[in-house]
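The values are calculated or read from the model by the stated rules, or taken from the named source; none is laboratory data. Only a predicted model underlies this, so the values are computations on that prediction, with no experimental measurement involved. Note: ideal-geometry Cβ built from the backbone for every residue, glycine included; neighbour counts use all protein chains shown. What goes into the accessible areas is simple: the full protein's heavy atoms, side chains included, and nothing from ligands, DNA or RNA. Shrake-Rupley method; radii C 1.70, N 1.55, O 1.52, S 1.80 Å.
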Amino acid sequence: MEKFIVVDQPETWNFELKNVQIISAQAYLTNPEYAKIKKARIFNLCKDYSYQSRGYYVSLLAEARGHLAIPTVTNLVDLREPKLVKIVSEEFDDLIQKSLKNIKNQEFTLSIYFGQNVAQKYRELSAMFHRHFQIPFLRVKFNYTTKWNIKSIKAISEAEIPTEHKENMRDFAGQYFSKKRYDTPRPANADYDLAILVNPEDPAPPSNTKAIKKFIEVGEKMGFYVEVVFPKDLSRLSAFDALFIRQSTEVNNDAYAFARKAQQEELAIIDYPEAILKCCNKVFMAEALQNAGIPTPKTVIVHKENKNTVLEITGLPVVLKSPDSTFSFGVKKASTKKEYQDMVNAMLKKSDLVIAQEFLPSEYDWRIGVLDNKVFFACRYYMAKDHWQIYNWDAAEKDNQDGNADSLPIEDIPKKVKEAALKSARIMGKGLYGIDVKEINGRALVIEINDNPNIDAGVEDAHYGDQVYVEILGALKSRLEKK
């Protein structure tokens with residue numbers, strides 16, 4: 001397996017490591033040769049891992065390409081989530097107190113380089129933080145009140161490492177890169193009861209009230225204790241055995257925090273935090289679909305260097321998507337070159353990468369429900385009245401915000417559509433997905449893969465009724481029983 005250290009400026013790195021290449025983040029993100037490599041381990045040492053930064057996209061595209069990324073996108077998001085940092089603080093409180101008990105000051109900073117600190121007495125504590133967050137360069141600040149508390153956890157760049165630490169850091173790097181195995185997050189396990197997460201303030205909830213009531217009714221018949229929980233209930237999650245997310249999922253909202261805590265608490269989950277991370281980012285999706293050879297509309301990952309040549313590939317009109325757009329929010333259509341330039345420049349101010357996609361008008365999109373690699377419902381979603389999308393959030397009347405839908409037997413799905421949906425879902429792994437597919441001139445083109453797809457009473461269950469709910473809850477039960 002090839003090894004690459006990805007940094008912002010390779011010329012400033014004087015590492016000499018056997019069988020490890022140092023390359024720039026820009027090259028890894030934009031040079032198609034790296035996407036062709038089948039087996040690679042990517043050590044992401046970019047100076048900034050913030051959401052939608054270059055460092056974030058290095059790990060994201062590494063996962064899309066089937067490369068092994070350190071840190072993973074999950075690790076990067078965990079680092080920014082205060083609720084998850086608090087969980088670490090509570091879980092490893094004994095180790096923190098034991099390790100810092102002889103410090104006389106009220107504050108202490110622990111610098112961790114590839115899982116080690118320059119002082120051996122903090123070896124166990126440093127290794128714990130590294131195993132949990134998988135960040136190469138980490139700075140943890142503690143303060144003392146009645147006991148030692150974590151004040152902040154931050155990824156740092158190589159430039160922020162003190163000069164007197166750099167020789168040690170290079171030694172630690174040599175030890176780290178010579179290993180044949182690397183620390184990985186603990187696998188998720190599972191237990192027994194069910195919490196359904198909903199958010200009353202959700203602008204586009206994935207299940208309507210009738211569907212939530214149906215999940216409760218069917219769940220109780222299947223032997224579950226079912227309780228609806230809300231974002232304020234995160235601290236109660238450990239009292240449950242399983243989590244089913246029915247709140248809109250985004251990387252920076254409560255749903256992800258619930259999914260991640262559920263994984264750490266070893267609950268059974270639908271959907272996994274990794275599914276949320278992957279499906280919520282259109283850049284990952286575009287790269288993953290392309291790598292898997294799944295037909296899509298002509299798609300370009302846009303950045304500042306190629307933005308002026310995009311229309312040569314997609315033509316006009318062109319659809320522009322923010323990386324984390326959901327339910328048609330953050331999705332725009334440009335009909336002229338000027339509209340395109342204005343829109344893409346505005347989007348690139350918020351994200352280093354944007355998606356541009358060929359516009360293919362159609363009367364409806366297929367929505368294929370896939371659960372643990374099995375199709376269990378099929379719908380056709382029609383475009384909103386006088387609009388080019390399924391959702392029109394700017395419609396004057398609420399009834400015109402979305403189009404009609406019909407539900408069909410699985411056997412009525414065109415073969416190419418079904419095959420494309422199943423192949424797409426396999427990219428994301430085990431879980432619940434809604435695959436959007438267009439039929440254009442006899443071809444099945446995948447538009448996107450949705451985690452946490454809509455299950456609304458009267459729509460997705462219109463043909464199969466209660467069986468839709470039984471399938472989902474049965475998948476959770478299966479996860480529990482296998483443990």
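Here are some notes:
- Mean separation of Cα contacts under 8 Å (6+ apart) over length of region 17-170, as relative contact order %: 20
- Relative contact order, percent, the chain [alpha-carbon distance under 8 Å, six or more residues apart]: 12
- Calculated mean residue ellipticity at 222 nm for the chain: -9500 deg cm²/dmol, from DSSP H runs with n ≥ 4 weighted as -39500 (n - 2.57), summed, divided by the residue count and rounded to 500.
- Relative to the longest principal axis of the Cα atoms of the chain, the long axis of helix 209-221 lies at roughly 70 degrees.
- The accessible surface of region 1-65, taken with every protein chain in place and a 1.4 Å probe, is 44 percent carbon and sulfur.
- Placing +1 on the Cβ of every Lys and Arg and -1 on the Cβ of every Asp and Glu, with nothing else charged, gives region 25-99 a dipole about its Cα centre of roughly 460 debye.
- Nearest-ten-degree value, helix 467-481 long axis tilted from longest Cα axis of the chain: 20
- The chain: C-alpha gyration tensor shape, a/c 1.5 cut-off, then a/b vs b/c: oblate
- Protein accessible area in region 68-169, 1.4 Å probe - carbon and sulfur %: 47
- Candidate residues Thr72, Thr146: accessible-area rank, largest first, probe 1.4 Å: Thr146, Thr72
- Phi angles of region 416-424 translate, via the Karplus equation with coefficients 6.51, -1.76, 1.60 and θ = phi - 60°, into HN-Hα couplings of 5, 5, 5, 4, 5, 5, 5, 5, 5 Hz per residue; Gly and Pro are given as x.
- Förster radius 51 Å - calculated FRET efficiency between Asp193 and Glu167 (Cβ-Cβ, nearest 0.05): 0.45
- Note that region 433-483 presents 37 Å² accessible area per residue, ligands and nucleic acids not counted, probe 1.4 Å.
- 3J(HN,Hα) from dihedral phi, region 47-57, Karplus parametrisation 6.51/-1.76/1.60, rounded to Hz, x for glycine, proline: 7, 9, 10, 4, 4, 6, 7, 4, x, 4, 6
- Surrounding net charge for Leu17, when Lys and Arg each add one and Asp and Glu each subtract one, Cβ distance under 10 Å: +2
- In this view, the solvent-accessible surface of Thr30, computed with a 1.4 Å probe and all protein chains in place, comes to about 60 Å².
- Carbon and sulfur %, accessible surface of region 332-474 computed with the full protein complex present, 1.4 Å: 45
- Only one residue of Ala119, Gly465, Pro71 has its Cα farthest out toward the positive end of the dipole of the chain, where Lys and Arg carry +1 and Asp and Glu -1 on Cβ, and that residue is Ala119.
- Considering only alpha-carbon pairs that sit under 8 angstrom and 6 or more positions apart, the relative contact order computed for region 261-329 is 32 percent.
- Probe 1.4 Å - accessible area at Asp372, Å² to nearest ten: 50
- Förster-model FRET efficiency, 41 Å R0, Lys36 and Glu160, C-beta, rounded to 0.05: 0.75
- Positive-end residue, the chain charge dipole about Cα centroid, Cβ charges, pick of Ser407, Pro200, Phe284: Phe284
- When only the Cβ of Lys, Arg, Asp and Glu is charged (+1, +1, -1, -1), the dipole of the chain relative to its Cα centre reaches about 1580 debye.
- Degrees separating the helix 163-177 axis from the principal Cα axis of the chain, which is the longest one: 60
- Net charge dipole, region 1-138: roughly 280 debye, given to the nearest 20, about the Cα centre with Cβ charges of +1 for Lys and Arg and -1 for Asp and Glu.
- In this calculation the C-beta distance from Lys101 to Ser152 is compared with R0 = 22 Å, giving a FRET efficiency of 0.60.
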